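**Student:** First, the structure itself, so that you have it in front of you.
The values are calculated or read from the model by the stated rules, or taken from the named source; none is laboratory data. Note that the structure is a prediction, hence the values are computed from the model and not measured. Please note: Cβ atoms are built from the backbone with ideal geometry, for glycine as well, and neighbour counts cover all protein chains shown.
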Amino acid sequence: ASVVNRIAAGEVIQRPSAAVKELVENSLDAASTSVSVSVKDGGLKLLLVSDDGHGIRHEDLPILCERHTTSKLSKYEDLQTIKSMGFRGEALASMTYVGHVTVTTITEGQLHGYRVSYRDGVMEHEPKPCAAVKGTQIMVENLFYNMAARRKTLQNSNDDYPKIVDLISRFAVHHMNVNFSCRKYGSNRADVHTIGGSSRLDTIRTVYGASVARDLMEISVSDDNPTRSIFKMEGFISNSNYVAKKTTMILFINDRLVDCTALKRAVELVYSATLPKASKPFIYMSINLPSDHVDVNIHPTKREVSLLNQDSLIDTIQSAIEAKLMSSNS
Ligand code: ADP
Ligand code: MG
């Protein structure tokens with residue numbers, strides 16, 4: 001493979017947890033109700049993501065890992081209104097330039113599945129028929145095997161497994177109807193294990209612990225003022241009893257896991273202004289907006305988004321949180 005391809009791929013997939021985010025989002029896009037992740041050596045040796053989604057059709061396998069191959073974009077204008085999380089067709093391709101990717105998949109109504117491995121964007125062999133249950137399993141081995149410096153940095157830094165657990169925890173809180181599990185390869189004990197269907201607070205309790213869930217309050221705001229962006233926010237925010245050194249902000253906008261630094265800072269500000277013995281907050285927030293109000297960064301590694309009418313939206317959210325904190329504190 002050309003060095004240019006490899007470098008570009010290394011930009012898209014900067015660390016094992018970034019690969020996991022892409023794989024899990026693909027599983028969610030495939031309407032899975034169960035997603036399990038196993039990780040060996042912080043993801044450098046092995047990443048395995050299995051789902052029970054709709055699978056990948058046999059005829060799509062030859063080009064699956066070519067750049068810009070996506071089943072989620074039929075015409076350019078869709079970029080404006082795209083609802084599903086992936087729309088770039090970069091992630092899987094990139095993984096094949098910096099790791100060894102093996103896909104096992106079966107689609108509805110088939111008697112057997114197929115298994116195929118990819119390198120540098122292309123299939124290594126024809127898809128081989130194999131036994132398969134339902135959905136797709138994607139295995140990434142030896143991530144960054146051809147990027148010695150990257151591998152070394154990742155090996156020296158604390159391994160990426162805690163980041164992966166954190167990521168799956170966030171997905172689990174939002175996607176309540178999906179069962180998630182995340183474990184070190186070969187271990188029976190999952191570090192995240194949720195069974196979909198219970199209440200969101202129950203999921204938070206399962207994932208973050210009873211002491212967190214105990215200190216949370218439900219919040220929701222909707223703003224259907226026609227002159228402003230039409231949005232709905234709902235979530236859970238910590239009360240004055242919650243104690244933490246670091247903010248936990250789990251933010252989903254239109255069901256995408258994102259970061260919005262301006263919003264996070266604004267929320268922290270409300271806490272420090274409203275609660276005298278200010279602790280950093282725990283926030284889970286799900287915001288829905290017309291999709292053309294969200295500026296999703298086209299660069300695939302960026303989780304950061306900006307929003308149309310961001311200032312007024314942040315004002316509205318700040319007021320709602322402030323009111324909630326005041327009423328609970330009095
Ligand atoms: P994107 O998600 O942006 O389309 P990806 O490189 O992440 O691009 O994936 C390429 C394509 O592979 C997807 O569009 C989808 O058709 C298919 N795919 C990947 N993972 C799965 C999965 N777990 N289940 C079903 N299809 C999948
Ligand atoms: Mg994707």
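**Student:** Quick check: anything in segment 195-217 within 18 Å of GLU234 (Cβ to Cβ) and assigned to a strand (DSSP E or B)?
**Tutor:** Yes, segment 195-217 has at least one match.
**Student:** Run down ILE287, ILE237 and say which single residue is in contact with a strand residue (DSSP E or B) (Cβ under 7 Å, 6 or more places away or on another chain), modelled with pLDDT of 95 or more and of a type in the set (A, V, I, L, M, F, W, C).
**Tutor:** Just one listed residue meets the conditions, ILE237.
**Student:** Please go through (1) of a type in the set (A, V, I, L, M); (2) outside the structural domain of ALA31 (by TED's automatic domain parsing); (3) free of Cβ contacts under 8 Å to residues at least 24 places away in the same chain for ALA149 and return the number of the only condition it doesn't satisfy.
**Tutor:** Just one mismatch for ALA149, condition (2).
**Student:** Hey, among the residues in segment 267-281 that are assigned to a loop (DSSP other than H, G, I, E, B) and of a type in the set (Gly, Ala, Ser), which one's modelled with the lowest pLDDT?
**Tutor:** Taking the candidates together, the pick is ALA278.
**Student:** Does ALA9 meet the test of being farther than 26 Å from ASN254 by Cα, modelled with pLDDT under 95 and surrounded by 22 or more Cβ atoms within 10 Å (Cβ to Cβ)?
**Tutor:** yes
**Student:** Consider VAL49 against the criteria (1) more than 16 Å from ligand 2 (Cβ to nearest atom); (2) touching a residue at least 12 places away in the same chain (Cβ under 8 Å): it satisfies all of them except one. Which criterion is unmet?
**Tutor:** Here VAL49 meets the rest and fails (1).
**Student:** Suppose we filter segment 29-46 for residues that are within 15 Å of ligand 2 (Cβ to nearest atom), in contact with an Asp or Glu (Cβ under 8 Å, 6 or more places away or on another chain) and not small (Gly, Ala, Ser); how many remain?
**Tutor:** Going through segment 29-46 one residue at a time, the tally reaches 1.
**Student:** Take the residues of segment 86-125 that are away from ligand 1 (no atom under 13 Å from the Cβ) and outside any loop (DSSP other than H, G, I, E, B): which is nearest to ALA8 (Cα to Cα)?
**Tutor:** VAL98
**Student:** Taking the criterion of being over 28 Å from VAL35 (Cα atoms), surrounded by fewer than 17 Cβ atoms within 10 Å (Cβ to Cβ) and over 20 Å from the mean Cα position of the chain (by Cα), would at least one residue in segment 155-176 satisfy it?
**Tutor:** Checked against the condition, which is being over 28 Å from VAL35 (Cα atoms), surrounded by fewer than 17 Cβ atoms within 10 Å (Cβ to Cβ) and over 20 Å from the mean Cα position of the chain (by Cα), segment 155-176 yields at least one hit.
**Student:** Is it the case that GLY43 is at pLDDT 95 or above and within 11 Å of ligand 1 (Cβ to nearest atom)?
**Tutor:** no
Every residue, every condition in (1) closer than 21 Å to LEU48 by Cα; (2) at pLDDT 90 or above; (3) assigned by TED's automatic domain parsing to the domain that holds SER50, yes or no:
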position: TYR161; (1), (2), (3): yes, yes, yes
position: LEU167; (1), (2), (3): yes, yes, yes
position: HIS174; (1), (2), (3): no, yes, yes
position: CYS182; (1), (2), (3): yes, yes, yes
position: ALA190; (1), (2), (3): yes, yes, yes
position: ARG200; (1), (2), (3): no, yes, no
position: GLY209; (1), (2), (3): no, yes, no
position: VAL221; (1), (2), (3): no, yes, no
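**Student:** I'd like the full set of residues that are in contact with a Gly (Cβ under 8 Å, 6 or more places away or on another chain) and surrounded by 13 or more Cβ atoms within 10 Å (Cβ to Cβ), limited to segment 130-144.
**Tutor:** Selection gives CYS130, ALA132, LYS134, GLY135, THR136, VAL140, GLU141, ASN142, LEU143, PHE144.
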